[in-house]
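The values are calculated or read from the model by the stated rules, or taken from the named source; none is laboratory data. Because the structure is a prediction, the values reported are computed rather than measured. Reconstructed Cβ throughout: ideal geometry from the backbone, glycine too, with neighbour counts over all protein chains shown. The accessibility values were calculated without ligands, DNA or RNA, using every heavy atom of the protein model including side chains. Shrake-Rupley method; radii C 1.70, N 1.55, O 1.52, S 1.80 Å.
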Amino acid sequence: MRVIEGGEEILDIELEESLLARNRELAEKNRKLLDEKGVTAIDVMGSIGSGKTTLISQLVRKLKGRRSIAVIAGDLTTTIDADRIGREGVQVVQVNTGKECHLDAHLVGKALEEMDLDAIDLLFIENVGNLICPGEFPLGAHKRLVVVSVTEGPYMVVKHPYIFLDASVAVINKIDLAEAMGVDPAKLEKDVLKINPSARVVRTNALTGEGVDEVIQALEI
Ligand code: MG
Ligand code: ZN
């Protein structure tokens, strides 16, 4: 079979490289600010419907007694996720990216300006729902967490290798539906570890809260 490799022949490759370099600079700036303020930030990535918002809500519920938490919710146009997380009683800033399919360090920097960083010590950043470009745009977060759900089928991990490369934790969600979906969570776990042997993989049912304590341990928060 003939395969055309697009990777090296993107027309605007120079533009893209300077964009990514600029993003990295701004990410470092965000990290410095977060460190100065003593805030640990977690970048949460995953497809639409994988369970990012549900997982963040559960993490907030479990941690809010002992941590001061805020959330940045990234989305193209809606405030659905921010509204849901806001019900947990923590500070939430919505970032609408418009047509952009990922958060970038510039937008997160603007969100940080809006927040009372002295009042918090833990920040979750819900990235825009997709598994491709968010991986290329570090935000300055200390850790990256990727959520995949078994409902996305058996090839979700192998088809999106780059997003797992610098993920500290990968969550395999909706574990209760694995059998019905004919998806083997152990295979997904193996796929993640093949791409990134240092990742911690946790199975969850974010709706019921199953596995959420293990996510907290894996993130060391
Ligand atoms: Mg969401
Ligand atoms: Zn994008």
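Against the numbered list (1) within 15 Å of ligand 1 (Cβ to nearest atom); (2) farther than 26 Å from GLY211 by Cβ; (3) not basic (Lys, Arg), GLU100 comes up short only at (1).
Here the helices (runs of 4 or more DSSP H) wholly within the range 28-124 that include at least 2 residues being of a type in the set (Ser, Thr, Tyr) are 52-63. GLU114 falls short on exactly one of the conditions (1) among the charged types (D, E, K, R); (2) within 16 Å of ligand 1 (Cβ to nearest atom); (3) surrounded by fewer than 24 Cβ atoms within 10 Å (Cβ to Cβ), and that condition is (2). Residue-level check: of (1) within 16 Å of VAL171 (Cβ to Cβ); (2) at pLDDT below 95, LEU55 misses just (2).
Exactly one residue out of LEU207, LEU177 is touching a residue at least 40 places away in the same chain (Cβ under 8 Å) and open to solvent by 50 Å² or more (accessible area, probe 1.4 Å), and it is LEU207.
Residues that are of a type in the set (Ser, Thr, Tyr) and over 21 Å from PRO138 (Cβ atoms) were ranked within the range 44-75; the one that is farthest from ligand 1 (Cβ to nearest atom) is SER68. Restricted to the range 138-221, the set of helices (runs of 4 or more DSSP H) holding at least 2 residues that are under 15 Å from the mean Cα position of the chain (by Cα) and under 20 Å from ILE85 (Cα atoms) comprises 212-219. Entry remark, the range 35-70: residues being in contact with a Gly (Cβ under 6 Å, 6 or more places away or on another chain) and open to solvent by less than 50 Å² (accessible area, probe 1.4 Å) number 3 in total. For PHE124, the criteria (1) open to solvent by 20 Å² or more (accessible area, probe 1.4 Å); (2) under 17 Å from the mean Cα position of the chain (by Cα); (3) more than 16 Å from ligand 2 (Cβ to nearest atom); (4) among the hydrophobic types (A, V, I, L, M, F, W, C) hold in every case but one, which is (1).
When you check ASP81 against the structure, is it away from ligand 2 (no atom under 15 Å from the Cβ), surrounded by fewer than 16 Cβ atoms within 10 Å (Cβ to Cβ) and not hydroxyl-bearing (Ser, Thr, Tyr), yes or no? No. All conditions in (1) within 16 Å of ligand 2 (Cβ to nearest atom); (2) closer than 22 Å to LEU19 by Cα; (3) not hydroxyl-bearing (Ser, Thr, Tyr) hold for ILE48, with the sole exception of (2). Number of residues in the range 138-155 that are closer than 22 Å to GLU100 by Cα and crowded, with 23+ Cβ neighbours inside 10 Å: the value is 8.
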